[in-house]
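Read-outs throughout are calculated quantities, based only on the coordinates presented, and are distinct from any laboratory measurement. Quick caveat, the model's predicted, so the values are computed rather than measured. Reconstructed Cβ throughout: ideal geometry from the backbone, glycine too, with neighbour counts over all protein chains shown.
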Amino acid sequence: EGLFIDQGLFEQELLGVGPSAAGEEELFKTKNFGSIIRQLNLYGFHKVTVSPASSAIGSSPRPATAGADTGYADGPLHHFWNPHFRYDRPDLLMKIKRLTKANKEKLDAGLEVTSRLPDDLQ
């Protein structure tokens with residue numbers, strides 16, 4: 001459950017930052033890792049910390065604390081969690097919504113926020 005991102009590797013291979021990035025097609029409109037984090041937050045992903053106690057099956061992730069990134073081969077390893085993002089449940093992806101002002105107002109009023117299926121799932 002969740003999404004693990006090695007920041008250095010992500011920046012190098014997907015954002016086109018670094019020595020091996022020349023001539024590659026851009027996958028994102030930004031080269032700023034912080035912008036990717038903001039987008040994850042807008043879609044309901046929360047940064048969490050992982051500890052041996054919290055990694056047990058059935059336990060909920062804990063909110064991240066400052067400086068809680070785990071070091072990894074190419075840079076910090078970030079862990080993001082969304083209750084609707086699960087390997088074995090593609091049907092839950094429909095519940096991931098971008099948090100816009102209008103959607104926030106609907107959620108605050110107790111209304112459902114709907115979205116259409118992506119073209120490849122229709």
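Taking the mean number of other Cβ atoms within 10 Å as a proxy for protection, how do you rank 86-99, 30-43, 3-16 from highest to lowest?
By packing density, highest mean first, the sequence is 3-16, 30-43, 86-99.
How much length is gained if the chain between T49 and R98 is pulled fully straight, taking 0.36 nm per residue apart and subtracting their Cα-Cα distance, in nm to one decimal?
Full-extension gain reported as 15.3 nm.
Each residue of the range 37-47 in turn: what ³J(HN,Hα) in whole Hz from Karplus with 6.51, -1.76, 1.60 and θ = phi - 60°, glycine and Pro shown as x?
4, 4, 5, 4, 5, 5, 9, x, 7, 10, 6
Grab the beta carbon distance between E26 and A109, set R0 = 25 Å, and tell me the FRET efficiency rounded to 0.05.
Efficiency at R0 = 25 Å is approximately 0.05.
Subtract the Cα-Cα distance of V17 and S35 from 0.36 nm times their separation in residues, and report this length gain in nm to one decimal.
5.1 nm
If the reach is capped at under 16 angstrom between alpha carbons, list the lysines near K29, excluding any in the same chain fewer than eight residues apart.
Qualifying lysines at Cα under 16 Å: none.
Would you calculate the separation in nanometres between label points at L9 and D88, each defined as 7 Å from the Cα along the Cα-to-beta-carbon direction?
Once both label points are built, they end up 2.4 nm from each other.
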